[in-house]
Structure formats: structure tokens, C-alpha cells
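One structure coming up, written as C-alpha cells, with questions to follow.
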Amino acid sequence: MDAPLLISNLTNPTLLFFMLGIVATMVKSDLEIPPHTVKFISLYLLFSIGFKGGQELAHSAFSAEILYSLGFGLLVAGLIPLYTFFVLKRRLSVADAGAVAAAYGSVSAVTFVSAVSFLEAQQLHFGGHMVAVMALMEAPAIIVGVILMMRYEDAARHDAPKLGAIVQHSFTNGSVLMVLGSLVIGLIADTKQADGIKPFTTDIFKGFLAIFLLEMGMVTARRFAAFLRYGRFVTAFAVLIPLLNGCLVAAASHWVTDSVGNRFIFAILAASASYIAVPAAMRLAAPKADPGLYLPMALGVTFPLNITIGMPLYFAVVQNS
């Protein structure tokens, strides 16, 4: 890994605000961002990413690479929960194993946003279709996780809602709908009209990201201790599995695309874990699963891991494979 690149990432203002959030909670500060403000910023980030992706896609010629990328993303999202479920089932209940596997097979939109900021710092671009890849990778992991729970837990076969309802819920989840809808709007919007809102979609993006990561730091610190009672196994999983997935996909993605930016995005999507869409779906599909396990794993361990040392590591693998 390139040491200057790692140092540059660790001194990125957006990441430093994340650290500030952790410190604020540890010293029991009364620093607080209103919940409605946090919700607005999260929707703004998804809107900005989706709209810019749609605009870029509108100016790109449709190619086989786009189809290959969509297929590769769906494959990754299906395979990760499939193998991680059996690793987790050795130590956790079927419901918990299925929920955690679904979270790690799905993606984190906020990690994706941080990855975009990382690429911009390296003056690299990624294809607009990667926004669609991110959105489509939410559902397969949820579906696979639910199927595995239904297969290995008798009670789940009778009590779980129909699979169609789970699929519908995953696609109508607010974060997924916002990024997909913004992508479509960016795709069909008039270019001159779209330039009129460029200051909103581009110029203030990093500032909003910094404030959002400040909140994420506070949330991380509050939830981190909740899962420590599960022992070292879940901590090791939350560290090693994302690094493994990210590095493997970073290396394998050269079969799909030659773009460094696109390959890096593939790696970060494979390494990230959902703490928004999947928890919302698991409340419906796996009420027996403990949110105090899969939420802190994804948000308290994997998210900070990816935005600190993960991104420089995956970038190094992409450059050297």
C-alpha cells in the first residue's frame, strides 16, 4: 500500500470529521445534529450521486461493459451472503447469520459516497452506470439471506413474509428509491437545465459529506460497545471478511472493465456492509435477528475500516492487478 496515499486519506477533512464525532461521544459532549437535518443530508448525498451518475451515463455510449458490470455486481451481491452465511452459522443462530450475511452482501451508500470523494482526490472518474450497479446490489443479498434463513430454520419457513414482499420492500426502500430515481432523472434531464443546479449537486457535496460523517462518527461510538458481548469472532469477521471481499473483487474486476475508477468502486461495494436498507428489510423478514449485532458490525467496525485503511488498500490492489 502506498504510505503517502494512506496518510492523505487519513488526513482527509471528511474522515477527520468522522473522528471528531467519535471523540465527541467518548468525551460525552452535548454536540448533536438534529435527526431531520441528518435525514435531509443523507437524502441529498444520494440525490447528488444518483443525479451526477445519470448525467454521466447520458453522455456515455451504451456498451457491453455496462451489461457486464451490472451482471458482475449482481453476481458479487449474491455470492457474498451465500458463503458468509455458512461461516457465520458456525457461531451464530440461523436468523443472526442470515441477517449479517445479507448486510455484508449488500452495500453501503455512504461508503460509496466516501469512495467517490476518494476518487475525486486522486483526480479519477468512474462510469455513471456504477450508480445503477450500487442500487441493484441491494436486493440480491437480501433475497439470498432470506432464502437461507427459510431453508435452515423451520420457524422461518412458516413465519417469514413472502419473498415477493421482501423484494418489493428492498426496492422501495427510501435510499434505493432516491438513488435510482435521481439516476433516471439525471439520465433524461436536459443538459443546460442540469447545469443550473450544478452548484447544489457538486460544489457543496464535500461539505455536506463532512457533516454527515460527523454524525456517523457519533452513531458509531454509541453503538460500538453493543456487540462486544458477542466476542472476538464477530469483530474478526467484520474486519477480515470486508478486506477479503474488497481485495478479491478488486483483482477480479479486471475481467469486466479496465477503468481504475470503476474497479475501485466494485471493490468498495463488495467490501461495504449495509446499515440502512438491510436493517429495514430484516425487521420484516427476520424479527428474531438481533439489530444490536449486525448494525454495530456494519457501522461500528466495517464502515470505519473501509474509509480509513480499506480504500487505499483496494486502490493499491486495483493498480497492481
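The values are calculated or read from the model by the stated rules, or taken from the named source; none is laboratory data. All values reported here derive from a predicted model rather than from experimental measurement. Backbone-built Cβ (ideal geometry, glycine too); neighbour counts: all protein chains shown. Just the protein is used for accessible areas: all its heavy atoms, side chains included, with ligands, DNA and RNA removed. Shrake-Rupley method; radii C 1.70, N 1.55, O 1.52, S 1.80 Å.
Residues that are open to solvent by 50 Å² or more (accessible area, probe 1.4 Å) and out of contact with any strand residue (DSSP E or B) (no Cβ under 6 Å at 6 or more places or on another chain): which helices (runs of 4 or more DSSP H) entirely in the range 182-295 hold 2 or more of them?
191-195, 205-224, 232-252, 277-285
Within the group Gly50, Gly21, which residue is closer than 25 Å to His129 by Cα and part of a helix (DSSP H, G or I)?
Gly50
How many residues does the range 62-77 hold that are open to solvent by less than 50 Å² (accessible area, probe 1.4 Å) and either in contact (Cβ under 8 Å) with a residue 12 or more places away in the chain or within 17 Å of Ala141 (Cα to Cα) (or both)?
8
Next question, about the same structure. So Thr84 ticks every box in (1) open to solvent by 10 Å² or more (accessible area, probe 1.4 Å); (2) modelled with pLDDT of 90 or more; (3) hydroxyl-bearing (Ser, Thr, Tyr) but one. Which box is left unticked?
(1)
Still on this model: Given (1) open to solvent by less than 70 Å² (accessible area, probe 1.4 Å); (2) within 19 Å of Met311 (Cα to Cα), where does Val38 come up short, assuming only one miss?
(2)
All but one of (1) open to solvent by less than 30 Å² (accessible area, probe 1.4 Å); (2) of a type in the set (Gly, Ala, Ser); (3) not in a helix (DSSP H, G or I) hold for Ala316, so report the exception by its number.
In the conditions (1) open to solvent by less than 30 Å² (accessible area, probe 1.4 Å); (2) of a type in the set (Gly, Ala, Ser); (3) not in a helix (DSSP H, G or I), Ala316 misses (3) alone.
Continuing with this model, one more query. Somewhere in the range 231-240, is a residue more than 22 Å from Phe85 (Cβ to Cβ) and among the charged types (D, E, K, R)?
Checked against the condition, which is being more than 22 Å from Phe85 (Cβ to Cβ) and among the charged types (D, E, K, R), the range 231-240 yields no hits at all.
Further, regarding this structure: So, in the range 99-148, how many residues would count as being part of a loop (DSSP other than H, G, I, E, B) and more than 14 Å from Ile276 (Cα to Cα)?
7
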